[in-house]
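Visitor: Questions regarding the structure given below will be posed in turn.
What follows draws every value from the coordinates through simple rules; no lab data is involved. From a predicted model like this one, the values you see are computed outputs, not experimental measurements. Positions of Cβ are generated from backbone atoms using ideal geometry, with glycine treated the same way; all protein chains shown enter the neighbour counts.
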Amino acid sequence: MGKRIATVLTDMFEDVEYTNPAKAFQDAGHEVITIEKEKGKQVTGKNNDATVTIDYGIDDVNPSDFDALFIPGGFSPDMLRADERFVTFAKHFMDEKKPVFAICHGPQLLITAKTLEGRNATGFKSIQVDMEYAGANVVDEEVVVCQNQLVTSREPDDIPAFNREALNVLK
């Protein structure tokens with residue numbers, strides 16, 4: 001049975017870090033639901049390769065209605081973490097041990113949610129020290145799976161491994 005995957009993103013997301021995993025999730029029978037500040041808004045990736053129409057505004061969703069959380073990278077996670085509603089939303093998934101998939105700069109939202117302490121994880125090179133300060137055990141590998149719940153990767157080149165492990169966690 002397909003899972004409902006909450007996907008938080010705003011403008012300047014890393015195009016392929018959204019489009020490729022989203023397609024992999026959908027091809028496997030899962031539902032990818034996009035969430036931003038405003039329902040119906042069109043957000044554009046930083047490379048202008050992808051434009052996404054947002055399914056729901058953050059005030060219109062409840063994290064308990066979703067099975068997993070997906071946080072694509074780019075500048076999007078840094079912008080979203082300035083909004084406490086997205087921080088609280090992400091924290092719910094980590095606290096409830098629901099699957100969380102964060103690639104590249106995606107872990108920035110988890111840093112702000114203070115949910116990485118003691119967790120094995122990775123992220124883009126420039127945020128790895130921030131992750132360490134947040135208490136994560138940073139591993140510089142293409143994909144890190146922690147407690148069969150948190151899946152993190154570093155960059156677009158890691159997408160095949162990221163997709164593989166995220167789909168394994170969803171089984």
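Visitor: Given the C-alpha atoms of segment 76-118, compute the convex hull and give its volume per residue in Å³.
Guide: Numbers: hull volume 2.7 nm³, N = 43.
That works out to 63 Å³ per residue.
Visitor: Using the Cβ atoms and a cut-off under 10 Å, what net charge is assigned to the surroundings of residue 28, where Lys and Arg are +1 and Asp and Glu are -1?
Guide: Values: positive: 3, 23, 171; negative: 27.
Its environment carries a net charge of +2.
Visitor: Return a whole-number percent for the relative contact order of segment 1-68, with Cα pairs under 8 Å and 6 or more residues apart as the contact set.
Guide: On the way: 120 pairs, mean separation 27.5, N = 68.
So the answer I get is 40 percent.
Visitor: Can you give the extra length, in nm with one decimal, that the chain gains between residue 37 and residue 53 once fully stretched, where that is 0.36 nm per residue apart less the Cα-Cα distance?
Guide: 4.6 nm
Visitor: Another one. Counting C-alpha atoms alone, how compact is the chain: give Rg to one decimal and Dmax as a whole number, in angstrom.
Guide: Rg and Dmax of the chain, Cα atoms, are 14.0, 38 Å.
Visitor: Still on this structure: As an exercise, identify the trypsin sites (Lys or Arg not before Pro) in segment 34-65 lying in DSSP coil whose Cβ has no more than 14 other Cβ atoms within 10 Å. Write out the running numbers ahead of the final one.
Guide: Details: sites: 37, 39, 41, 46; in loops: 37, 39, 41, 46.
The qualifying sites are 41.
Visitor: Now for a separate question. How many nm separate the modelled label positions at residue 46 and residue 129, each set 7 Å beyond the Cα in the direction of the Cβ?
Guide: With each label point 7 Å from Cα toward Cβ, the separation is 1.8 nm.
Visitor: Work through the residues other than residue 81 whose Cβ is under 14 Å from its Cβ and net out their charges, Lys, Arg +1 and Asp, Glu -1. Let's see the in-between values first.
Guide: Details: positive: 37, 85, 91, 114; negative: 36, 78, 83, 84, 130.
Spelling it out: positives minus negatives among the neighbours equals -1.
Visitor: Can you compute the modelled spin-label distance between residue 1 and residue 141, with each label point 7 Å from Cα toward Cβ, in nm?
Guide: Going from the residue 1 label point to the residue 141 one covers 3.2 nm.
Visitor: First select every other residue whose beta carbon is under 10 angstrom from the beta carbon of residue 9; then total the charges, Lys and Arg +1, Asp and Glu -1. All intermediate terms of the calculation are to be shown ahead of the outcome.
Guide: Numbers: positive: none; negative: 11, 14, 17, 36.
Overall, the nearby charge balance is -4.
Visitor: While we're here: Show which lysines lie in cross-link reach of residue 98 when reach means a straight Cα distance below 25 angstrom and same-chain residues fewer than eight apart are skipped.
Guide: 3, 23, 37, 39, 114, 171
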